[in-house]
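**Student:** I am attaching a structure below and will ask some questions about it afterwards.
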Amino acid sequence: MTPIVAPFPAARPRRTRASGALRALVRETALSPSDLIWPIFLMAGTDSETPIPSMPGVTRRTVDRAVAAAREARGLGIPALCLFPYTALEHRTEDCAEAWNPDSLSNRAIRAIKEAVPEVAIMTDIALDPYNINGHDGFVEDGRIVNDRTVEALVRMALAQAAAGADILGPSDMMDGRVGAIRSALESEGYQDVAILSYSAKFASGFYGPFRDAVGASGALKGDKASYQLDPANADEAMRMIARDLAEGADMVMVKPGMPYLDICRRAKAEFGAPTFAYQVSGEYAMLTAAAQNGWLDGDKVMLESLICFKRAGCDGVLSYFAPRAARLLNG
Ligand code: PBG
(Lines give C-alpha, C1' and ligand atoms only; values in the text may rest on other atoms or scores of the structure.)
Protein backbone atom coordinates (compact mmCIF):
# COMPACT_ATOMS: atom_id res chain seq x y z
CA MET A 1 0.00 0.00 0.00
CA THR A 2 1.39 3.38 -1.03
CA PRO A 3 -0.12 6.13 1.08
CA ILE A 4 -0.94 9.20 -0.95
CA VAL A 5 -0.15 12.27 1.06
CA ALA A 6 -1.05 15.72 -0.17
CA PRO A 7 1.26 18.51 0.90
CA PHE A 8 0.24 20.90 3.63
CA PRO A 9 -2.15 22.71 3.68
CA ALA A 10 -4.17 20.53 1.27
CA ALA A 11 -3.63 17.83 3.86
CA ARG A 12 -4.17 18.80 7.46
CA PRO A 13 -4.00 15.52 9.37
CA ARG A 14 -5.61 17.17 12.39
CA ARG A 15 -8.96 17.46 10.51
CA THR A 16 -9.84 13.86 11.37
CA ARG A 17 -8.83 14.40 14.98
CA ALA A 18 -10.82 17.58 15.47
CA SER A 19 -13.93 16.14 17.11
CA GLY A 20 -15.08 13.04 18.93
CA ALA A 21 -17.30 12.16 15.99
CA LEU A 22 -14.48 12.29 13.46
CA ARG A 23 -12.13 10.40 15.77
CA ALA A 24 -14.76 7.68 16.17
CA LEU A 25 -15.18 7.41 12.40
CA VAL A 26 -11.50 6.86 11.69
CA ARG A 27 -10.69 4.69 14.73
CA GLU A 28 -8.84 1.59 13.51
CA THR A 29 -9.40 -0.85 16.35
CA ALA A 30 -12.05 -1.40 18.99
CA LEU A 31 -12.15 -2.99 22.40
CA SER A 32 -15.26 -4.74 23.58
CA PRO A 33 -16.09 -6.97 26.56
CA SER A 34 -16.16 -9.89 24.11
CA ASP A 35 -12.38 -9.51 23.70
CA LEU A 36 -11.76 -10.33 27.35
CA ILE A 37 -10.95 -13.46 29.31
CA TRP A 38 -11.26 -12.98 33.07
CA PRO A 39 -8.73 -14.94 35.21
CA ILE A 40 -10.04 -15.76 38.70
CA PHE A 41 -8.45 -17.42 41.74
CA LEU A 42 -10.19 -20.21 43.61
CA MET A 43 -9.96 -21.27 47.24
CA ALA A 44 -11.65 -23.88 49.44
CA GLY A 45 -14.66 -23.06 51.60
CA THR A 46 -18.02 -21.43 51.01
CA ASP A 47 -19.35 -17.95 50.55
CA SER A 48 -16.12 -16.05 51.05
CA GLU A 49 -13.38 -14.11 49.32
CA THR A 50 -9.93 -13.06 50.53
CA PRO A 51 -8.01 -10.14 49.06
CA ILE A 52 -4.61 -10.64 47.42
CA PRO A 53 -2.42 -7.85 48.81
CA SER A 54 -0.14 -7.56 45.76
CA MET A 55 -3.18 -7.38 43.42
CA PRO A 56 -5.48 -4.74 44.91
CA GLY A 57 -9.09 -5.38 43.88
CA VAL A 58 -8.49 -9.07 43.08
CA THR A 59 -9.59 -11.83 45.45
CA ARG A 60 -9.42 -15.56 45.88
CA ARG A 61 -12.96 -16.91 45.88
CA THR A 62 -14.78 -20.04 46.96
CA VAL A 63 -16.53 -22.13 44.29
CA ASP A 64 -19.95 -20.54 44.93
CA ARG A 65 -18.39 -17.10 44.53
CA ALA A 66 -16.74 -18.29 41.31
CA VAL A 67 -20.20 -19.21 40.04
CA ALA A 68 -21.29 -15.68 40.97
CA ALA A 69 -18.33 -14.32 38.97
CA ALA A 70 -19.46 -16.37 35.97
CA ARG A 71 -22.95 -14.84 36.26
CA GLU A 72 -21.32 -11.42 36.43
CA ALA A 73 -19.25 -12.23 33.33
CA ARG A 74 -22.39 -13.28 31.45
CA GLY A 75 -24.10 -10.03 32.42
CA LEU A 76 -21.12 -7.99 31.29
CA GLY A 77 -20.64 -9.80 27.98
CA ILE A 78 -17.30 -11.39 28.94
CA PRO A 79 -17.23 -14.73 27.08
CA ALA A 80 -14.75 -16.70 29.20
CA LEU A 81 -13.28 -17.18 32.66
CA CYS A 82 -9.90 -18.75 33.36
CA LEU A 83 -9.53 -20.61 36.67
CA PHE A 84 -6.49 -20.79 38.96
CA PRO A 85 -6.63 -22.72 42.22
CA TYR A 86 -4.98 -21.83 45.51
CA THR A 87 -4.05 -25.31 46.63
CA ALA A 88 -3.89 -26.19 50.30
CA LEU A 89 -0.47 -27.37 51.48
CA GLU A 90 -1.63 -30.94 52.11
CA HIS A 91 -2.49 -31.24 48.40
CA ARG A 92 1.01 -30.27 47.26
CA THR A 93 3.03 -33.44 46.83
CA GLU A 94 5.97 -34.80 44.91
CA ASP A 95 3.70 -36.89 42.65
CA CYS A 96 1.28 -33.95 42.05
CA ALA A 97 -1.68 -36.37 42.14
CA GLU A 98 -4.13 -33.60 42.99
CA ALA A 99 -3.58 -32.26 39.45
CA TRP A 100 -5.77 -35.00 37.96
CA ASN A 101 -8.13 -35.52 40.91
CA PRO A 102 -11.67 -35.27 39.46
CA ASP A 103 -12.74 -33.61 42.74
CA SER A 104 -9.94 -31.05 42.93
CA LEU A 105 -10.94 -27.47 43.66
CA SER A 106 -10.70 -26.44 40.02
CA ASN A 107 -12.55 -29.46 38.68
CA ARG A 108 -15.36 -28.85 41.18
CA ALA A 109 -15.47 -25.21 40.12
CA ILE A 110 -15.63 -26.16 36.43
CA ARG A 111 -18.60 -28.45 37.09
CA ALA A 112 -20.42 -25.91 39.25
CA ILE A 113 -19.98 -23.11 36.72
CA LYS A 114 -20.91 -25.19 33.69
CA GLU A 115 -24.05 -26.34 35.53
CA ALA A 116 -25.14 -22.83 36.53
CA VAL A 117 -23.85 -20.63 33.69
CA PRO A 118 -23.21 -22.86 30.67
CA GLU A 119 -22.96 -19.92 28.27
CA VAL A 120 -19.68 -18.75 29.78
CA ALA A 121 -16.66 -20.66 28.48
CA ILE A 122 -14.29 -22.06 31.09
CA MET A 123 -10.57 -22.03 30.45
CA THR A 124 -8.15 -23.94 32.64
CA ASP A 125 -4.44 -23.89 33.34
CA ILE A 126 -2.41 -27.03 32.68
CA ALA A 127 0.85 -27.14 34.65
CA LEU A 128 1.88 -28.91 37.83
CA ASP A 129 2.94 -25.86 39.85
CA PRO A 130 -0.19 -25.49 42.03
CA TYR A 131 0.24 -29.11 43.14
CA ASN A 132 3.99 -29.48 43.19
CA ILE A 133 5.86 -29.43 46.48
CA ASN A 134 8.66 -27.39 44.85
CA GLY A 135 6.51 -24.93 42.86
CA HIS A 136 7.70 -26.06 39.42
CA ASP A 137 5.49 -26.67 36.41
CA GLY A 138 7.06 -30.09 35.89
CA PHE A 139 8.44 -32.99 37.92
CA VAL A 140 11.89 -32.42 39.36
CA GLU A 141 14.46 -35.23 39.40
CA ASP A 142 17.99 -34.58 40.69
CA GLY A 143 17.38 -30.85 40.48
CA ARG A 144 16.28 -30.96 36.83
CA ILE A 145 12.79 -30.43 35.44
CA VAL A 146 12.05 -33.58 33.47
CA ASN A 147 10.03 -33.34 30.28
CA ASP A 148 8.43 -36.60 29.18
CA ARG A 149 7.17 -37.84 32.54
CA THR A 150 5.71 -34.37 33.09
CA VAL A 151 3.89 -34.52 29.74
CA GLU A 152 2.23 -37.81 30.78
CA ALA A 153 0.98 -36.13 33.95
CA LEU A 154 -0.22 -33.07 32.01
CA VAL A 155 -2.25 -35.36 29.75
CA ARG A 156 -3.98 -36.88 32.80
CA MET A 157 -4.61 -33.40 34.12
CA ALA A 158 -6.06 -32.29 30.77
CA LEU A 159 -8.40 -35.28 30.57
CA ALA A 160 -9.69 -34.65 34.10
CA GLN A 161 -10.43 -31.02 33.19
CA ALA A 162 -12.13 -32.04 29.95
CA ALA A 163 -14.23 -34.59 31.87
CA ALA A 164 -15.26 -31.86 34.31
CA GLY A 165 -16.54 -29.83 31.35
CA ALA A 166 -13.78 -27.34 30.55
CA ASP A 167 -14.21 -25.64 27.17
CA ILE A 168 -10.65 -24.38 26.66
CA LEU A 169 -7.48 -25.99 28.01
CA GLY A 170 -4.49 -23.74 28.60
CA PRO A 171 -1.17 -25.60 28.79
CA SER A 172 1.08 -23.09 30.57
CA ASP A 173 3.94 -25.44 31.42
CA MET A 174 6.24 -24.98 28.37
CA MET A 175 7.23 -28.66 28.24
CA ASP A 176 8.16 -29.96 24.77
CA GLY A 177 5.50 -31.97 22.97
CA ARG A 178 2.68 -31.33 25.40
CA VAL A 179 0.20 -29.83 22.96
CA GLY A 180 0.41 -32.80 20.60
CA ALA A 181 0.11 -35.28 23.46
CA ILE A 182 -2.91 -33.49 24.94
CA ARG A 183 -4.57 -33.12 21.54
CA SER A 184 -4.27 -36.80 20.67
CA ALA A 185 -5.54 -37.86 24.11
CA LEU A 186 -8.55 -35.54 23.73
CA GLU A 187 -9.28 -37.04 20.31
CA SER A 188 -9.07 -40.62 21.47
CA GLU A 189 -11.07 -40.07 24.67
CA GLY A 190 -14.04 -38.40 22.98
CA TYR A 191 -13.27 -34.76 23.70
CA GLN A 192 -12.90 -33.66 20.08
CA ASP A 193 -14.52 -30.28 20.71
CA VAL A 194 -12.37 -29.19 23.62
CA ALA A 195 -10.17 -26.31 22.46
CA ILE A 196 -6.53 -25.71 23.31
CA LEU A 197 -5.33 -22.16 23.88
CA SER A 198 -1.65 -22.78 24.29
CA TYR A 199 0.65 -20.57 26.30
CA SER A 200 3.01 -20.89 23.36
CA ALA A 201 5.26 -17.90 23.90
CA LYS A 202 5.55 -17.81 27.66
CA PHE A 203 8.60 -15.96 28.87
CA ALA A 204 10.59 -16.50 32.08
CA SER A 205 9.35 -13.24 33.51
CA GLY A 206 9.62 -11.28 36.72
CA PHE A 207 6.08 -10.04 36.13
CA TYR A 208 4.48 -13.23 37.52
CA GLY A 209 5.37 -12.38 41.14
CA PRO A 210 1.91 -11.36 42.41
CA PHE A 211 0.31 -14.41 40.74
CA ARG A 212 2.64 -16.69 42.64
CA ASP A 213 1.46 -14.95 45.84
CA ALA A 214 -2.15 -15.47 44.78
CA VAL A 215 -1.78 -19.22 44.25
CA GLY A 216 0.60 -19.68 47.18
CA ALA A 217 3.56 -20.73 45.00
CA SER A 218 6.02 -17.94 45.88
CA GLY A 219 7.36 -19.60 49.01
CA ALA A 220 7.36 -23.03 47.39
CA LEU A 221 9.36 -22.24 44.24
CA LYS A 222 12.93 -23.50 44.37
CA GLY A 223 15.10 -21.86 41.74
CA ASP A 224 13.65 -20.32 38.59
CA LYS A 225 11.78 -21.44 35.47
CA ALA A 226 14.43 -20.47 32.90
CA SER A 227 15.03 -24.07 31.77
CA TYR A 228 11.52 -24.21 30.31
CA GLN A 229 10.09 -20.70 29.92
CA LEU A 230 11.52 -18.48 27.14
CA ASP A 231 14.39 -16.05 27.43
CA PRO A 232 12.94 -12.49 27.29
CA ALA A 233 15.64 -11.68 24.72
CA ASN A 234 14.28 -14.15 22.14
CA ALA A 235 11.67 -13.35 19.49
CA ASP A 236 12.56 -15.86 16.72
CA GLU A 237 12.43 -18.66 19.27
CA ALA A 238 8.97 -17.47 20.33
CA MET A 239 7.84 -17.76 16.70
CA ARG A 240 9.22 -21.30 16.51
CA MET A 241 7.28 -22.25 19.65
CA ILE A 242 4.05 -20.84 18.25
CA ALA A 243 4.59 -22.67 14.95
CA ARG A 244 5.13 -25.96 16.80
CA ASP A 245 2.05 -25.58 18.98
CA LEU A 246 -0.14 -24.82 15.96
CA ALA A 247 1.34 -27.80 14.12
CA GLU A 248 0.57 -30.01 17.14
CA GLY A 249 -3.09 -28.97 17.22
CA ALA A 250 -3.41 -25.78 19.27
CA ASP A 251 -6.54 -23.85 18.23
CA MET A 252 -5.38 -20.55 19.69
CA VAL A 253 -2.07 -19.23 20.93
CA MET A 254 -0.96 -16.88 23.66
CA VAL A 255 1.86 -14.47 24.32
CA LYS A 256 2.71 -13.88 27.96
CA PRO A 257 3.38 -11.41 29.60
CA GLY A 258 1.56 -8.80 27.53
CA MET A 259 2.61 -5.15 27.59
CA PRO A 260 6.39 -5.65 27.38
CA TYR A 261 5.89 -8.22 24.57
CA LEU A 262 3.68 -6.40 22.06
CA ASP A 263 6.28 -6.98 19.35
CA ILE A 264 5.81 -10.72 19.86
CA CYS A 265 2.02 -10.31 19.60
CA ARG A 266 2.39 -8.36 16.37
CA ARG A 267 4.75 -10.90 14.79
CA ALA A 268 2.66 -13.86 15.94
CA LYS A 269 -0.47 -12.51 14.28
CA ALA A 270 1.35 -11.45 11.12
CA GLU A 271 3.28 -14.71 10.68
CA PHE A 272 0.57 -17.26 11.55
CA GLY A 273 -2.81 -15.53 11.42
CA ALA A 274 -4.11 -17.80 14.17
CA PRO A 275 -6.39 -16.60 16.97
CA THR A 276 -3.86 -14.81 19.16
CA PHE A 277 -4.21 -13.74 22.78
CA ALA A 278 -2.05 -11.83 25.19
CA TYR A 279 -1.97 -12.37 28.93
CA GLN A 280 -1.73 -9.06 30.76
CA VAL A 281 -0.20 -10.72 33.80
CA SER A 282 -0.35 -10.11 37.52
CA GLY A 283 2.71 -7.84 37.63
CA GLU A 284 1.30 -5.61 34.92
CA TYR A 285 -1.95 -5.35 36.85
CA ALA A 286 -0.03 -4.63 40.05
CA MET A 287 2.08 -1.86 38.45
CA LEU A 288 -0.86 -0.01 36.97
CA THR A 289 -3.04 -0.45 40.05
CA ALA A 290 -0.34 0.61 42.51
CA ALA A 291 0.47 3.75 40.53
CA ALA A 292 -3.23 4.60 40.28
CA GLN A 293 -3.68 4.09 44.04
CA ASN A 294 -0.86 6.55 44.62
CA GLY A 295 -2.56 9.07 42.38
CA TRP A 296 0.31 8.87 39.89
CA LEU A 297 -1.75 7.50 37.00
CA ASP A 298 -5.40 7.72 36.01
CA GLY A 299 -6.38 4.07 36.61
CA ASP A 300 -9.33 3.84 34.21
CA LYS A 301 -7.47 5.62 31.46
CA VAL A 302 -4.34 3.45 31.57
CA MET A 303 -6.44 0.32 31.93
CA LEU A 304 -8.35 0.96 28.70
CA GLU A 305 -5.24 2.26 26.93
CA SER A 306 -3.25 -0.84 27.84
CA LEU A 307 -6.08 -3.10 26.61
CA ILE A 308 -6.62 -1.36 23.26
CA CYS A 309 -2.86 -1.61 22.61
CA PHE A 310 -3.21 -5.40 22.53
CA LYS A 311 -5.90 -5.11 19.86
CA ARG A 312 -3.77 -2.66 17.87
CA ALA A 313 -0.82 -5.05 18.08
CA GLY A 314 -2.94 -7.74 16.43
CA CYS A 315 -4.38 -9.72 19.33
CA ASP A 316 -7.89 -11.10 19.10
CA GLY A 317 -8.33 -10.90 22.84
CA VAL A 318 -6.68 -10.42 26.21
CA LEU A 319 -6.60 -12.26 29.51
CA SER A 320 -6.70 -9.53 32.10
CA TYR A 321 -7.52 -9.12 35.75
CA PHE A 322 -9.08 -5.82 34.69
CA ALA A 323 -11.72 -7.73 32.67
CA PRO A 324 -14.81 -7.00 34.83
CA ARG A 325 -13.82 -3.40 35.53
CA ALA A 326 -13.00 -2.72 31.88
CA ALA A 327 -16.24 -4.37 30.73
CA ARG A 328 -18.28 -2.25 33.15
CA LEU A 329 -16.65 0.87 31.80
CA LEU A 330 -17.07 -0.18 28.15
CA ASN A 331 -20.74 -0.99 28.77
CA GLY A 332 -21.19 2.51 30.14
C1 PBG B 1 1.72 -21.32 36.08
C2 PBG B 1 1.23 -20.01 35.64
C3 PBG B 1 1.81 -18.78 35.95
C4 PBG B 1 0.96 -17.79 35.45
C5 PBG B 1 -0.11 -18.43 34.82
N6 PBG B 1 0.08 -19.82 34.93
C7 PBG B 1 3.04 -18.44 36.74
C8 PBG B 1 4.32 -19.04 36.42
O9 PBG B 1 4.57 -19.52 35.33
O10 PBG B 1 5.13 -19.04 37.34
C11 PBG B 1 1.19 -16.32 35.62
C12 PBG B 1 0.01 -15.43 35.50
C13 PBG B 1 0.18 -14.06 36.04
O14 PBG B 1 1.26 -13.63 36.47
O15 PBG B 1 -0.84 -13.35 36.05
N16 PBG B 1 2.02 -22.29 35.20
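The values are calculated or read from the model by the stated rules, or taken from the named source; none is laboratory data. It should be emphasised that the depicted structure is a prediction, and the values quoted were computed from it without experimental measurement. Using ideal geometry, Cβ is built from the backbone for each residue, glycine included, and neighbour counts are taken over all protein chains shown. Quick note on the areas: whole protein, heavy atoms, side chains included, nothing else; ligands and nucleic acids left out. Shrake-Rupley method; radii C 1.70, N 1.55, O 1.52, S 1.80 Å.
**Student:** When a/c is below 1.5 the answer is rounded, else prolate if a/b is larger than b/c, else oblate, so apply that to the range 32-330 with a ≥ b ≥ c taken from the square roots of the Cα gyration tensor eigenvalues. If you can, show how the numbers build up before the last one.
**Tutor:** Working: a/c = 1.27, a/b = 1.12, b/c = 1.14.
Rounded, because the longest to shortest axis ratio a/c is under 1.5.
**Student:** Please report the spacing between the Cα centers of the range 209-242 and the range 1-36 in Å, no decimals.
**Tutor:** 38
**Student:** With a sphere of radius 15 Å drawn around the Cβ of Glu141, what net charge do the other residues whose Cβ falls strictly inside it have (Lys, Arg +1; Asp, Glu -1)? Intermediate values should be presented prior to the final figure.
**Tutor:** On the way: positive: Arg144, Arg149, Lys222; negative: Glu94, Asp95, Asp137, Asp142, Asp148, Glu152.
Surrounding charge for Glu141 is -3.
**Student:** Find the accessible area per residue for the chain; the probe is 1.4 Å, ligands and nucleic acids are left out, and the unit is Å². Numbers along the way, then the final one.
**Tutor:** Values: 14880 Å² over 332 residues.
For the chain, the solvent-accessible area averages 45 Å² per residue.
**Student:** Sort out for me the Cα centre separation of the range 96-133 from the range 257-332, rounded to whole Å.
**Tutor:** Using only Cα atoms, the two centres lie 25 Å from each other.
**Student:** Under 17 Å from a label point 7 Å along Cα→Cβ of Ala116: give me every residue in the range 151-171 with its amide N that close.
**Tutor:** 165-166
**Student:** So, by mean Cβ neighbours within 10 angstrom, what's the order for 101-109, 174-182 with the highest one leading? Each step should come with its number before you reach the end.
**Tutor:** On the way: 101-109: 20.0, 174-182: 21.7.
Result, highest mean Cβ count within 10 Å first: 174-182, 101-109.
**Student:** Mean shadow of the range 117-177, computed from the convex hull of its alpha carbons, in nm²? Before the final figure, lay out each step's value.
**Tutor:** On the way: hull surface 17.8 nm².
Result: a mean projected hull area of 4.5 nm².
**Student:** Which value in deg cm²/dmol, rounded to the nearest 500, describes the helix-derived mean residue ellipticity at 222 nm for the chain, given -39,500 (n - 2.57) per DSSP H run of n ≥ 4 and division by the residue count?
**Tutor:** Working: 11 runs with 124 residues, N = 332.
My calculation for the chain gives -11500 deg cm²/dmol from helical runs alone.
**Student:** Further question on the same structure: In the chain, what percent of the accessible surface is made up of carbon and sulfur (1.4 Å probe, ligands and nucleic acids excluded)? Write out the running numbers ahead of the final one.
**Tutor:** Values: 7960 of 14880 Å².
Answer for the chain: carbon and sulfur cover 53 percent of the accessible area.
**Student:** Fully extended, how many nm does the chain gain between Arg71 and Leu221 (0.36 nm per residue separation, minus their Cα-Cα distance)?
**Tutor:** Numbers: separation 150, 0.36 × 150 = 54.00 nm, distance 3.41 nm.
Answer, rounded to one decimal: 50.6 nm.
**Student:** Highest mean first, how do 142-155, 51-64 rank when packing is the count of other Cβ atoms within 10 Å averaged over residues?
**Tutor:** Numbers: 142-155: 16.3, 51-64: 18.0.
Highest to lowest by the protection proxy: 51-64, 142-155.
**Student:** Find how much the distance from Ala30 to Arg328 grows on full extension, using 0.36 nm per residue of separation minus their present alpha carbon separation; answer in nm with one decimal. Please report the intermediate quantities before stating the final value.
**Tutor:** Details: separation 298, 0.36 × 298 = 107.28 nm, distance 1.55 nm.
Here the segment from Ala30 to Arg328 would lengthen by 105.7 nm.
**Student:** Taking only the alpha carbons of the range 1-48, what extent do you get along each of the three principal axes, in Å, biggest first?
**Tutor:** Computed over the range 1-48, the largest-to-smallest principal extents equal 67, 27, 14 Å.
**Student:** I need the peptides 24-37, 78-91 ranked by packing, meaning the mean over residues of other C-beta atoms within 10 angstrom, with the highest value on top.
**Tutor:** Values: 24-37: 14.8, 78-91: 19.1.
Descending mean neighbour count gives 78-91, 24-37.
**Student:** With Kirkwood's inverse mean 1/r over C-alpha pairs for Rh, give me the Rg to Rh ratio of the range 52-181, two decimals please. Each step should come with its number before you reach the end.
**Tutor:** On the way: Rg = 15.1 Å, Rh = 15.3 Å.
Answer for the range 52-181: 0.99.
**Student:** In cubic angstrom, how much convex hull volume per residue do the alpha carbon atoms of the range 43-86 span? Don't jump to the answer; show the numbers that get you there.
**Tutor:** On the way: hull volume 3.4 nm³, N = 44.
Here the figure is 77 Å³ per residue.
**Student:** Which of the chymotrypsin sites (Phe, Trp or Tyr not before Pro) across the range 287-328 are loop residues per DSSP, with 15 or fewer other Cβ within 10 Å? Walk me through the numbers before you get to the answer.
**Tutor:** Details: sites: Trp296, Phe310, Tyr321, Phe322; in loops: Trp296, Tyr321, Phe322.
Sparse-neighbourhood loop chymotrypsin sites (Phe, Trp or Tyr not before Pro): Trp296.
**Student:** Here's a follow-up. Compute the FRET efficiency between Ala11 and Arg312 as 1/(1 + (r/R0)^6), taking r as their Cβ-Cβ distance and R0 = 25 Å, and round to the nearest 0.05.
**Tutor:** Details: r = 23 Å, r/R0 = 0.93.
E(calc), rounded to 0.05, equals 0.60.
**Student:** Assuming 0.36 nm per residue, please report the length gained on full extension of the stretch Arg244 to Ala97 beyond their Cα-Cα distance. Walk me through the numbers before you get to the answer.
**Tutor:** Values: separation 147, 0.36 × 147 = 52.92 nm, distance 2.82 nm.
Full-extension gain reported as 50.1 nm.
**Student:** Now a separate question. Answer rounded, prolate or oblate for the range 224-332, using the Cα gyration tensor with square roots of eigenvalues a ≥ b ≥ c: rounded when a/c is under 1.5, else prolate when a/b is larger than b/c, else oblate.
**Tutor:** On the way: a/c = 2.47, a/b = 1.64, b/c = 1.50.
Note, shape of the range 224-332 comes out prolate.
**Student:** Springs between alpha-carbon pairs under 10 angstrom, Gaussian network model over the chain: which of Gly135, Gly299, Gly77 fluctuates most?
**Tutor:** Gly299
**Student:** Using Cα-Cα distances under 8 Å and only pairs 6 or more residues apart, what relative contact order does the range 32-330 have, in percent?
**Tutor:** On the way: 612 pairs, mean separation 56.7, N = 299.
Value for the range 32-330: 19 percent.
**Student:** While we're looking at this one, here's another question. Which entries of Lys202/Lys222; Lys202/Lys311; Lys114/Lys256; Lys114/Lys225 show an alpha-carbon separation above 22 angstrom in the structure shown? Working shown, then result.
**Tutor:** Working: Lys202/Lys222 19 Å; Lys202/Lys311 19 Å; Lys114/Lys256 27 Å; Lys114/Lys225 33 Å.
Over 22 Å Cα-Cα: Lys114/Lys256; Lys114/Lys225.
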